[in-house]
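Structure, as structure tokens:
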Amino acid sequence: MSTAVNNLPILNKESKHFGDPVVIVGGGPAGLATALMLAQRGWTNITILEKRPSADYYEPDKSYNFSIDGRGQKIMEFLGLIEELAKIGVSRSVLCITQIESDGSRKTTQSPISDPNRKISYVLSRKAFLKFLSQEIEQKWGASIKVLFNTKCVEIQKIVRETEEEKISIVASLDNGNVIKFEPNFLIGCDGINSIVRQSLLEWDNSDKFEMKYFPSPSTGLRYKVLTLPPNFPLERNGNYIAVHNQFYSINGAISERKKALFLALFPSQNPEEPRSAIIVKPPDHKVWGLKNKEQVYDYLETVFPQLPIRQIVSPLEAERFATSEGGKFPPPQYCSQSHFILGSEPSFTAGILLIGDAIHSFPPDIGQGVNAALEDVYVLNKALSQSHDALFIALPLYESLRSSETKALVRLAQISSPWQYNQAPFRKRLWNINFLFRLKLSQWLPFIFSPPAVFLLQNHRLSYSEIWQKVKRTTQNLYLFGLASALAVLTLVLKIFSINIINIK
Ligand SMILES: Cc1cc2nc3c(=O)[nH]c(=O)nc-3n(C[C@H](O)[C@H](O)[C@H](O)COP(=O)(O)OP(=O)(O)OC[C@H]3O[C@@H](n4cnc5c(N)ncnc54)[C@H](O)[C@@H]3O)c2cc1C
């Protein structure tokens with residue numbers, strides 16, 4: 001149950017590097033958390049470049065929810081933010097969902113995939129989480145961290161000075177057309193799946209180490225759009241059943257053909273004023289993507305969800321926005337094998353570059369680990385910095401050695417853990433459900449031979465991703481052996497009966 005990381009001693013000493021200029025590209029969860037971690041360690045000259053206009057800028061198709069679990073909470077604990085997180089998030093120890101059928105009937109159930117021993121996780125919208133981290137920066141760390149919004153990193157170069165030292169030069173463009181230049185000693189790429197930092201490293205490095213390695217997954221290529229609904233709205237046409245802000249709902253559509261069936265999953269929110277968002281995920285050829293204008297959206301949703309007063313709860317503006325939005329597509333699970341780059345070598349070390357979060361590992365949101373893995377990256381970076389007195393030429397390779405096997409295991413887990421949940425292939429989903437229940441039951445009867453399914457194990461934050469991956473692989477091998485042994489036993493029995501019959505006939 002332990003990881004190498006947990007055994008590292010934490011050294012909290014003053015470091016001569018604390019005043020070195022740091023640039024973080026990307027003010028998403030990874031970027032803001034990294035800045036807070038560095039400031040808390042003592043670093044004083046941190047700049048975040050973020051192309052969006054503000055931390056809580058409304059991006060309709062990014063208004064999904066996070067569930068910050070035990071992995072994500074480790075860095076929040078270091079930052080002293082757990083109590084605040086517990087106040088703004090809906091705490092989720094077990095997963096209770098109220099299902100509302102198309103005939104209006106409803107029932108509340110507890111999900112069978114909840115591990116009762118899991119650490120309580122906190123559900124909140126991406127927007128609320130980013131606002132929370134950004135307020136922490138403004139209120140406590142304004143002297144050490146500058147966040148530049150509307151500022152897009154457009155170029156990263158390696159330059160050679162007259163002293164023959166190599167340095168990093170960054171160009172960022174502002175909304176008004178002006179540009180700013182930076183020459184940091186520490187550049188951190190927290191700029192998501194299409195990271196310009198990683199792309200620059202790919203160009204500088206002559207190997208394929210910064211190239212993303214792609215892995216297939218049944219959920220790759222599915223399209224999604226988010227439908228934004230009012231904070232509190234009626235869940236039935238003629239009644240007073242109103243959505244409660246901190247409850248989880250799954251609203252099932254009327255179309256019975258399973259591949260076409262739609263459902264709206266409404267995540268809970270602690271804030272009674274926050275709009276509710278429902279993410280719709282379907283294959284690219286689904287009818288919902290062909291809706292061209294608000295009337296088509298209304299007509300279609302009224303047919304699919306006859307239990308809901310659609311025109312009352314979806315504003316004309318939102319219906320039009322939904323119709324015209326491009327939405328997004330789930331990416332293939334992917335990672336790149338190298339996460340750091342160093343310019344110069346000690347004693348002439350000049351700068352270090354590191355990739356964190358989606359910039360280095362990305363996958364469809366099937367397992368809800370994107371933000372947690374990004375926050376765990378920050379936690380591990382903190383450990384590596386502690387181990388090295390914040391000397392980057394030691395800390396960055398150490399970070400990579402601690403994290404790379406985790407990244408690989410995480411991406412493999414993303415491939416297999418829960419990719420059929422979107423009903424894109426109902427038969428495969430049924431097979432997946434059987435496999436899930438089979439593993440769960442076997443792990444209860446013979447826990448020393450079989451482990452629970454991956455999606456269950458992922459809830460245990462004490463297990464590292466590589467430990468989970470090993471358990472899953474071992475269980476698969478044991479299932480094959482079990483299957484082979486059972487087949488041999490049946491064959492032996494059949495042969496025995498057959499030979500007894502032959503003897504009797506003789
Ligand atoms: C539809 C969907 C649903 C998801 N659901 C979940 C979920 O339920 N649970 C979960 O854990 N994860 C989920 N994820 C994944 C999760 O959003 C990411 O894993 C997480 O946000 C990674 O954080 P990050 O900071 O590394 O990258 P990002 O969140 O992508 O942030 C990158 C930031 O960098 C900025 N940026 C990019 N390029 C530049 C540039 N050149 N200059 C300046 N700024 C730049 C961007 O504006 C952005 O703010 C979901 C993702 C999607 C698409």
Using alpha-carbon pairs under 8 Å, 6+ residues apart, how would you state the relative contact order of the stretch 364-506 in percent?
-> 19 percent
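If you place +1 on the Cβ of every Lys and Arg and -1 on the Cβ of every Asp and Glu, how big does the dipole about the Cα centre of the chain come out, in debye to the nearest 20?
Numbers: 56 positive and 47 negative charges, 453 e Å.
In total the dipole reaches around 2180 debye.
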Any of K282/K329; K282/K473; K408/K429; K16/K74 with alpha carbons more than 18 Å apart? Name them for me.
-> K282/K473; K408/K429; K16/K74
How far, in nm, would the chain grow between T108 and K209 when pulled straight, counting 0.36 nm per residue and subtracting the alpha carbon separation?
-> 31.5 nm
Note, ³J(HN,Hα) from phi for the stretch 355-366, Karplus 6.51, -1.76, 1.60, rounded to Hz, x at Gly and Pro | 10, 9, x, 4, 5, 10, 9, 8, 6, x, x, 3
Computed label-point distance, nm, for sites N433 and E138 using a 7 Å Cα→Cβ extension | 4.6 nm
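For Y58 and F349, FRET efficiency with R0 = 30 Å and r from the beta-carbon atoms, rounded to 0.05? Could the numbers behind the result be given before it?
Working: r = 42 Å, r/R0 = 1.40.
FRET efficiency, F349 to Y58: 0.10.
Of all beta bridges DSSP finds with both residues in the chain, what is the antiparallel percent, to the nearest 5? Working shown, then result.
On the way: 48 of 67 bridges.
The answer is about 70 percent antiparallel.
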Cβ-defined net charge surrounding V154, 13 Å radius [Lys, Arg +1; Asp, Glu -1] | 0
Using label points projected 7 Å from each Cα along Cα→Cβ, tell me how many nm separate I193 and S401, to one decimal.
-> 3.3 nm
If the label point sits 7 Å along Cα→Cβ of A487, residues of the stretch 424-449 with amide N under 16 Å come out as none
For the E295, E101 Cβ pair and Förster radius 35 Å, calculated FRET efficiency rounded to 0.05 is 0.85
Given Cα pairs under 8 Å that are at least 6 residues apart, what percent is the relative contact order of the stretch 223-329?
-> 37 percent
The stretch 221-230 - phi-based ³J(HN,Hα) in whole Hz, Karplus 6.51/-1.76/1.60, Gly and Pro as x = x, 5, 8, 9, 9, 10, 9, 9, 10, x
Estimate the FRET efficiency between E14 and R474 by the formula 1/(1 + (r/R0)^6), using the beta-carbon distance for r and 45 Å for R0, to the nearest 0.05.
-> 0.50
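How high is the relative contact order of the chain? Use alpha-carbon pairs under 8 Å, at least six apart in sequence, and give a whole percent.
Working: 969 pairs, mean separation 98.2, N = 506.
Reported as a whole number, the value is 19 percent.
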Evaluated at 37 °C and 0.692 mPa s, the Stokes-Einstein D of the chain based on the Kirkwood radius over Cα pairs, in µm²/s, stands at 131 µm²/s
Hey, how many Å between the Cα centroid of the stretch 34-64 and the Cα centroid of the stretch 392-415?
-> 22 Å
Determine the dipole magnitude for the stretch 426-505: charges of +1 sit on the beta-carbon of Lys and Arg, -1 on that of Asp and Glu, nothing else is charged, the reference point is the Cα centre, and the result goes in debye to the nearest 20.
-> 240 debye
Can you tell me how much longer the chain between F233 and Q157 gets when fully stretched, taken as 0.36 nm per residue apart minus their C-alpha distance, in nm with one decimal?
-> 22.2 nm
How much length is gained on full extension from E302 to E77, taking 0.36 nm per residue of separation minus their Cα-Cα distance?
-> 76.5 nm
Phi-derived 3J(HN,Hα) across the stretch 270-285 with the Karplus relation (6.51, -1.76, 1.60, θ = phi - 60°), rounded Hz, x for Gly and Pro, is 6, 8, x, 9, 7, x, 9, 10, 10, 8, 9, 10, 8, x, x, 8
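Rule-based calculations on the coordinates, nothing more; no lab input. Remember, predicted model here, so these are calculated numbers, not experimental data. Neighbour counts are summed over all protein chains in view; Cβ atoms, including those assigned to glycine, are modelled from backbone coordinates with ideal geometry.
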